[in-house]
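Asker: First, the structure itself, so that you have it in front of you.
Nothing in this text is a laboratory measurement; each read-out follows from the coordinates by a stated rule. Remember, it's a predicted structure, so these values are computed and weren't measured experimentally. For neighbour counting, all protein chains shown are included, and Cβ atoms are generated from backbone atoms with ideal geometry for every residue, glycine included.
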Amino acid sequence: MKPRGVLRTFMRPVIAPIRAAMERRVAALVDARLSELAEAPGVADNLVRQHTLEQQARLLALVDERSHPNTDALWVHLRDLNNAMLTIKFFGYELARTLAARLPIPEGLEPQHVGVHSKPSTQADLESDWAAYWLGELKAARIFHRKLWEFAYVLQAIYENGHLHSGARGLGFGCGEEPLPSYFAGHGVHVTVTDLDPGQAATRGWTNTNQHTSSLDMAYQAHLVSREQFDKCVALRYVDMNAIPSDLLDYDFCWSICALEHIGSIQKGLDFIENSLHTLRPGGVAVHTTEFNFLNDEQTIDDWVTVLFQKRHFRELAERLKRQGHFVAPLDFDVGDKPLDKFIDLPPYEQDWNSYQRDIWKGQIHQMKLSFDGFACTCFGIIIRKS
């Protein structure tokens, strides 16, 4: 059976009963339960305060205080939701692994000009020769993961704009432990790696993940460049992306990978993209990727730890930059039509797995799209050439 057929066959029996139950019952049950609570003595004055965390915990517990199954009518319809999500999640991962295993082994690939647009990540992109070339250069596994798409996308954009050569100067924002600085150094590109001051990063939780670089040791990747060459070509600066230092100037290119959605708000992220152009020489290129809320044009997340950009934000930014004389690669909002473009990964994500889940699932993450606080998201890359 074709992968698309496998996905369709699997999804129907799993999703249908959940959707039907949710549509027919859950809203009514929630209303009924809240009405009961509101009518109880002492609750009507302040329902929110009286509906305590303890009550919520009892409502959502798998068993009661006697270790009997929770038979609350609402919970009966919700109790298998987590298991259904895990089933969907890892059937999606299995499909992605199967499709990746069927990809032809690339031979004799060379970098090529494909006219890459400002666009979201897609399955077709990671199946392409241009992406395969850059993943090969990075010595990365060729699997379907949106982070790999970001690496390939940034390299393709810099290559197409003529700045991937010895002697060029690059500036990376919020680099974490990504491989690009080591790759650039291996090709004689002089790179300034920037990240948030370690003290500020710790308060935001970045130091507990691989999303922060506190030293060049963390940025160095030995499989891509010798340490001597790395130290010769790479420097580290602590930089707040909301206040780019004025002495960071005359770079041939700058980039960031899923960093600008973490600097406070949608407006701050858009301002950062525009301000990053001040670090470039005329004709220099900025390449930034961020989170794209691609299904909901009405609602999104803003003024939060992670914000989600919509089509209108990219359109407004592109128009403003073009009025200033800059070139913005054409906006393409097509999120793809292949099986993995329709698989939206679900929580829990790796950072929230328990020790057992980490042991059995480590290294098995395959996602092009994911659900972020209920919004379907993927990566979106934008390319700007300074006038």
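Asker: Report the local net charge at THR279: Lys and Arg +1, Asp and Glu -1, summed over other residues whose C-beta lies under 13 Å from its C-beta. Show your work: numbers first, answer last.
Answerer: Values: positive: ARG169, ARG237, ARG281, LYS386; negative: ASP247, ASP250, ASP252, GLU274.
It works out to a net charge of 0.
Asker: What are the GluC sites (Glu not before Pro) within segment 55-109 that DSSP puts in a loop, where the Cβ has at most 15 other Cβ atoms within 10 Å? Before the final figure, lay out the partial values.
Answerer: On the way: sites: GLU65, GLU94, GLU107; in loops: GLU65, GLU107.
Answer by residue number: GLU65, GLU107.
Asker: Got the relative contact order for segment 312-387 handy, in percent, Cα pairs under 8 Å and 6 or more residues apart?
Answerer: Details: 59 pairs, mean separation 30.4, N = 76.
Relative contact order, segment 312-387: 40 percent.
Asker: Now a separate question. Mind checking which aspartates and glutamates have their C-alpha under 15 Å from LYS268, skipping anything on the same chain fewer than 8 residues away?
Answerer: LYS268 reaches ASP240, GLU291, ASP302, ASP303, GLU316.
Asker: Okay, next question. In whole Å, how far is the Cα centre of segment 323-352 from that of segment 99-140?
Answerer: Using only Cα atoms, the two centres lie 16 Å from each other.
Asker: If you add up the charges near THR194, with Lys and Arg at +1 and Asp and Glu at -1, over every other residue whose beta carbon is less than 13 angstrom from its beta carbon, what do you get? Let's see the in-between values first.
Answerer: Values: positive: ARG237; negative: GLU178, ASP195, ASP197, ASP240, ASP247.
Net local charge, THR194 excluded: -4.
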